[in-house]
Protein chains: 2
Amino acid sequence: MPLQLCFATGNKGKFNEAKAFLEKEVPGLHLKQCSAELVELQADTLEAVARFKVEGAIKSCKGNVFIEDAGLFVPALNGFPGIFSAEVKKMLDCKGILKLMEEFPNASQRDAYFQACTCLYLRETREIKMFIGRIDGIITFEERGNQGFGFDPIFVPGEPSGNTRTFAEMGIEEKNEISHRAKALRELKDFLLSLA
Amino acid sequence: MPLQLCFATGNKGKFNEAKAFLEKEVPGLHLKQCSAELVELQADTLEAVARFKVEGAIKSCKGNVFIEDAGLFVPALNGFPGIFSAEVKKMLDCKGILKLMEEFPNASQRDAYFQACTCLYLRETREIKMFIGRIDGIITFEERGNQGFGFDPIFVPGEPSGNTRTFAEMGIEEKNEISHRAKALRELKDFLLSLA
C-alpha cells in the first residue's frame with residue numbers, strides 16, 4: 001500500500017542513506033525530507049534526545065514522521081562525544097577525538113560504538129515507536145577514507161568479521177549492511193512492513 | 001521591601017555563590033534554591049539555552065525564579081566546550097581540555113573566556129530579563145588550585161591586572177569580584193534594586 005512518511009532531518013547525507021534503503025525495502029513507501037525545527041536536548045541517553053526531538057517534529061510536520069539521532073560513544077572517554085557528536089564534530093572534528101585518545105594507546109582501550117535511535121510517530125494512532133541500532137568497533141590512530149560523514153574516518157567497525165577498514169573506506173552499500181543507522185532503519189522497516 | 005526569589009539550579013556551588021552575593025547586596029531579598037526539572041538545549045548560544053531553561057523553570061516553580069547557565073569558551077577549539085561545559089566536565093574533566101590544548105602551545109593561542117547568562121522571570125509582570133557576564137583569560141598548561149568548581153583549575157582570569165592565579169587558586173570572595181557569574185549576578189542585582 002502507498003505510505004507517505006517524512007524524515008525530519010537537516011542532514012542530507014542521513015536522508016539519502018535512509019531513502020535508498022527504505023524505498024527499496026518497503027513497497028509503496030515514499031520518503032520525503034522535511035525540515036521541521038528540531039530541538040536537541042542535552043540529556044543522558046540517545047533515547048531521551050530522540051523522544052524530545054520527535055515531539056517537536058510532530059508539531060511542524062502534518063503526516064507520519066520519524067527522526068533519527070545517532071552518536072559515537074567512547075567508553076574510555078566516559079561516553080564522549082555521545083549525544084553531543086554532531087556539535088563536537090563541528091567544533092573538534094575527528095582530530096580532536098584522536099587527540100583525546102592519545103591517552104589510550106592500547107588497542108584494547110580504544111573500543112567504541114555508534115548507536116542510532118530512530119523514533120517514529122504515526123499520526124493515525126498517535127503511537128511513538130523507538131528503534132535502536134548499534135555497531136561496535138574501535139577508534140583508529142589516524143583518519144582514513146573520504147566516504148560517509150561525521151566520525152566515519154576514525155571508526156573501524158567490528159563487522160564483517162576481521163574488518164580493518166574505517167566506515168569512510170567503505171561504500172554506502174557496504175556500510176548500509178552493518179551500520180548502527182542501518183540497523184535502526186531495518187527495525188523501522190520491519191515495523192512498517194508489519195503495518196501492511 | 002521583602003522579595004522572595006528562587007534560583008532554579010541543581011548545583012549547590014552555584015547557589016552558594018549567588019546567595020552570598022545577592023542577599024548581601026539586595027536588602028530584604030531571600031534567595032531559595034529550587035530544584036525544578038531543568039531542560040538543557042543543544043543550541044548555538046548560551047542565551048538560547050538560558051531562555052529555554054527558564055521557560056521550563058516557570059512551569060514547576062510558583063514564584064519569581066531565575067536560572068543561570070555558564071560555559072567556558074575556547075576560540076582555538078571553535079568555542080568548545082561552550083554550552084556543553086557541564087557535561088564535558090563530567091566526561092573529559094580538566095585534563096581533556098588540557099589535552100586538546102596541546103595543539104596550541106603558544107600563550108597567544110590559549111585565550112579563553114567564561115560567559116554566564118542569568119535569566120530572570122518575574123511572575124507579576126510575566127517579564128523575562130537576561131543578564132550577561134564575561135571574564136577573559138587564558139587556559140593554563142596544568143591544573144592548579146582546589147577551590148571553586150568546573151574548569152576553574154585551568155583558567156587564569158585576566159583580572160585583576162597582572163594576575164597569574166587560576167580561579168581555583170582564588171578564594172570565593174576574590175572570585176566574586178571578577179567572575180562571569182558575579183558580573184551577570186551584579187546586573188541582576190542592579191535590576192532587582194531598581195524594582196524597589
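Just so you know, all these numbers are worked out from the coordinates, no wet-lab data involved. Values in this document were obtained by computation on a predicted structure and should not be read as measured data. Heads up, the Cβs are rebuilt from the backbone with ideal geometry, glycines too, and the neighbour counts pull from every protein chain shown.
Here are the numbers for the structure shown:
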item: Two-site FRET efficiency, A:D44 against A:K12, from Cβ-Cβ distance with R₀ of 25 Å, rounded to 0.05; result: 0.30
item: Angle in degrees between helix B:12-25 and the longest Cα principal axis of chain B, rounded to the nearest 10; result: 60
item: Degrees separating the helix B:46-60 axis from the principal Cα axis of chain B, which is the longest one; result: 40
item: Lys, Arg +1 and Asp, Glu -1 on Cβ, resulting dipole of the stretch B:28-151 about Cα centre, debye, nearest 20; result: 460
item: Additional length obtainable on full extension of the chain from B:A196 to B:E127, 0.36 nm per residue less Cα span; result: 23.2 nm
item: Rounded to the nearest 20 debye, dipole of the stretch B:24-93 from Cβ charges on Lys, Arg, Asp, Glu; result: 300
item: Solitary cysteines of chain A, where the nearest other Cys Cβ is not under 4.7 Å; result: A:C61, A:C94, A:C117, A:C119
item: DSSP beta bridges in the stretch B:3-195 [antiparallel fraction, %, rounded to 5]; result: 75
item: Charge dipole magnitude, Cβ of K and R +1, D and E -1 - the protein assembly as shown, Cα centre, debye nearest 20; result: 980
item: Helix-only CD estimate at 222 nm, as mean residue ellipticity for chain A, using -39500 (n - 2.57) per DSSP H run (n ≥ 4); result: -11500 deg cm²/dmol
item: Normalised alpha carbon radius of gyration of the protein assembly as shown [divisor 2.2 N^0.38 Å]; result: 1.11
item: Share antiparallel - DSSP beta bridges, the protein assembly as shown, percent rounded to 5; result: 75
item: Label 7 Å beyond Cα on the Cβ vector: A:N64 copy-to-copy distances, nm; result: 5.2
item: Ranking of B:R165, A:R181 by count of other Cβ atoms within 10 Å, fewest first; result: B:R165, A:R181
item: Helix axis angle, A:180-195 relative to chain A longest principal axis, alpha carbon, degrees; result: 20
item: Dipole axis of the protein assembly as shown (+1 Lys, Arg; -1 Asp, Glu on Cβ), positive-most option in A:C117, B:N176, A:F191; result: A:F191
item: Cβ-based net charge around B:E169, under 9 Å, with every Lys or Arg adding one and every Asp or Glu removing one; result: +1
item: At 7 Å out from Cα toward Cβ: A:T164 inter-copy label distances (nm, ascending); result: 5.1
item: Mean separation of Cα contacts under 8 Å (6+ apart) over length of the stretch A:3-195, as relative contact order %; result: 18
item: Charge-dipole axis of chain B as Lys and Arg at +1 and Asp and Glu at -1 on Cβ define it, positive-most pick from B:A50, B:L77, B:L31; result: B:L31
item: Alpha carbon centroid spacing (whole Å) that separates the stretch B:149-196 from the stretch A:35-95; result: 33
item: Per-residue average of Cβ from other chains inside 10 Å of B:155-164; result: 0
item: Residue (of A:V88, A:N146, A:F21) at the positive-pole extreme of the stretch A:3-195, dipole from beta-carbon charges; result: A:F21
item: Whole-number D in µm² s⁻¹ for the stretch A:3-195, Kirkwood Cα-pair radius fed into Stokes-Einstein, 4 °C, 1.567 mPa s; result: 76
item: Per-residue Cβ neighbour rank within 10 angstrom, fewest leading, B:M101, A:M91; result: A:M91, B:M101
item: Calculated FRET efficiency for the pair B:D111/A:E103, C-beta based, R₀ 41 Å, to 0.05; result: 0.95
item: Likely footprinting exposure, B:F131, B:F104, fewest C-beta neighbours within 10 Å first; result: B:F104, B:F131
item: Of A:K90/B:K14; B:K53/B:K183; B:K24/B:K90; A:K53/B:K99; B:K24/B:K89, those spanning more than 25 Å from alpha-carbon to alpha-carbon; result: A:K90/B:K14; B:K24/B:K90; A:K53/B:K99; B:K24/B:K89
